[in-house]
Amino acid sequence: MPDAYASRGNSYSAKGDFDRALPDFNKAIGIQQTAIYYNGRGYAYARKKDYDRAISDYDQAIRLNPDFIFARKNRAYAYEAKNEYSRAIPDFDHILRLQPTDAEVLNSRCWARALVEELNAALIDCNESLRLKPDVANTIDSRALIQFKLGEFDKAIADYDVALKLNPKLAGALYGRGLAKQKKGDATADADIAAAKAIQSDIAEKLERYGLK
């Protein structure tokens, strides 16, 4: 019986109908508390941007199954959504102890470490992620941000160039390259910044929060 409620909840979640998913997960959990049910409800809360409730459910899922990778990932991403990057890192650490070749999680930890100024460790993560899975624009963009923060503007520009070849509409890479070019006195910097703002109007404010200015 609880599996039927949880299955229907997952179906509603897959359709984006989280308001209908939540009552089913509530019923499933009321009958039997399992890590899978808590993770399912946490995901529905997270998609409704109710991150505190989502994290509470992920906590319960991880309490029941400490090695539940999906709950660990989901909790880390919920922390990131709250800009609590230092709290996301331990979950990424745990996942990578179980799955050391997960390129996506390596990139996620790279990004989180970059935003808490653990720049050298972040660079190692990005490099390893790209070794495992080359030509991923978002990972190259993450590494460019680290190079920028380290003052390695030529390396940052080179990475932004590659990221933009892979995804020409990546606003963060355009804006970051513009800022790096400004540091170098490159006259083409303004064009990159203008192009980035045309794609995403709030990109300057967003990246300033990440330490790019």
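Derivation of every value follows stated rules applied to the coordinates shown; laboratory data play no part. Quick caveat, the model's predicted, so the values are computed rather than measured. Cβ coordinates were reconstructed from backbone atoms using ideal geometry, including for glycine residues, and neighbour counts include every protein chain displayed.
Taken residue by residue, segment 18-31 has no member that is in a helix (DSSP H, G or I) and under 25 Å from residue 112 (Cβ atoms). Run residue 97 past the list (1) over 11 Å from the mean Cα position of the chain (by Cα); (2) within 22 Å of residue 141 (Cβ to Cβ) and report the number of the one that doesn't hold. Condition (2) is where residue 97 drops out.
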